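J.: Structure below; questions to follow.
Each value in this text was obtained by applying a stated rule to the coordinates, not by laboratory testing. Values in this document were obtained by computation on a predicted structure and should not be read as measured data.
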Amino acid sequence: MQKPGNKKGDALDPLSDFFNNHHDKLVCTANKHGVPNVSIMGTPRIMESGDIVFHISDPISVTMDNMRENKEVVFMAYVPGERARDYHGVRIYTEVTEITSSGEKFGLIKEKISERFGKDKADELLASITCRVKKVRPVVDRGQQWNEPYVIFKQMMTKAST
């Protein structure tokens, strides 16, 4: 298991580059009873602080309901491989630290969205969520770092044992 860094520029830098450049990410949540939900979102981004921030615009959102009940969230971004074990990517385990849906900070977020995408898009925004990164693992975890394909890790382990 790789420990997360705290700021862009340290251990999260290659992670933020990979994560932020993959538009569609899986967001995995569960309600207070443990009933899971998986959604696909394009907005999650790792910020300079090392936190993941994303926005929700859907008036009916199981993801949002779950995060209000259970703060644990897993994000996944990956590149498919020929077989499942050949996939490359990252699972990022996080905890929701803030759900913002009003106030000055929320207003500033809406202003930025309006400048970039227009007022209609900004008006759709219902909440901005901030998550603290707790743990980082590769999509296919066999003991390697998140950014080491298993094949390279396997070759290194074979050489080390000879």
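J.: Taking 1 over the mean of 1/r across every pair of different Cα atoms in segment 68-114, what Kirkwood radius in Å do you get?
T.: 13.8 Å
J.: Go through segment 53-68 residue by residue and turn each phi into a ³J(HN,Hα) via Karplus (6.51, -1.76, 1.60, θ = phi - 60°); whole Hz please, and just put x for glycine and proline.
T.: Values, residue by residue: 10, 8, 10, 10, 10, 7, x, 10, 9, 4, 4, 5, 4, 4, 5, 6 Hz.
J.: Could you work out the equivalent-ellipsoid semi-axes for segment 95-150, taking the square root of 5 times each eigenvalue of the Cα gyration tensor, largest first, in whole Å? All intermediate terms of the calculation are to be shown ahead of the outcome.
T.: Values: eigenvalues 242, 43, 12 Å².
Each semi-axis is the square root of five times an eigenvalue, giving 35, 15, 8 Å.
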